[in-house]
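Below is one structure, written out as structure tokens; comments come after it.
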Amino acid sequence: MLHYLFTYPETIVDGDGIRFSIYLAGCGHHCKGCHNPESWNPRAGHPLTPEKVEEFITAINGNPLLDGITFSGGDPFYNPKDFFPLIKEISGRTRQNIWCYTGYTYEELAADPERKQILPYINVLVDGRFEQNLYSPQLTFRGSSNQRIIKLR
Ligand code: SF4
């Protein structure tokens, strides 16, 4: 079962507008200078039970101020087998615009059949590992300049 680290019911730093952010546990990239190494463990945080998912969907659908949902982590693509049904359900039942952060590049995701099937549910992908030598505090919505904000649909 997926684990989540925490959620932000209303944040303005994880993409355009006001967003409900869900931080999923698990990341295999181990970038030097990672802001949150505790997030690498897929068992960190709390189990994302069906009841929790229901709770998130109710909160999202009950907030008319939201502009969208953001998945971050960790790396949401760490466990594509479980992330696929989650994003499919949340997307289908909320009809929200979805941003997703990942340490993979778009090209890596597109070359992996299991991860590629998730891409159609994402409006905006922020891709790539965190590169400490390319870090800049001036960048909006990303940590290092190699990362790209890619509009997928
Ligand atoms: S992809 Fe993100 S969470 Fe994973 S190690 Fe790199 S900076 Fe940390």
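State which residue pairs qualify: first residue in contact (Cβ under 8 Å) with a residue 24 or more places away in the chain and inside segment 20-35, second residue within 8 Å of the ligand (Cβ to nearest atom) and basic (Lys, Arg) in any location, beta carbons under 8 Å apart, and separation of 6 or more residues or different chains. Short answer, once both residue conditions are applied: 29/129; 31/129. Residues that are over 13 Å from residue 105 (Cβ atoms) and within 11 Å of the ligand (Cβ to nearest atom) within segment 130-141 comprise 132, 135, listed in sequence order.
Note on segment 29-48: residues that are near the ligand (Cβ under 9 Å from one of its atoms) and in contact with a helix residue (DSSP H, G or I) (Cβ under 6 Å, 6 or more places away or on another chain) total 2. Would you tally the residues in segment 36-68 being surrounded by 18 or more Cβ atoms within 10 Å (Cβ to Cβ) and either out of contact with any Lys or Arg (no Cβ under 6 Å at 6 or more places or on another chain) or within 19 Å of residue 129 (Cβ to Cβ) (or both)? So the count comes out to 10.
Throughout, read-outs are computed from the coordinates displayed, never taken from laboratory work. In this text, all values refer to a predicted model and were calculated from it rather than measured experimentally. Cβ: placed from backbone, ideal geometry, glycine included. Neighbour counts: every protein chain shown.
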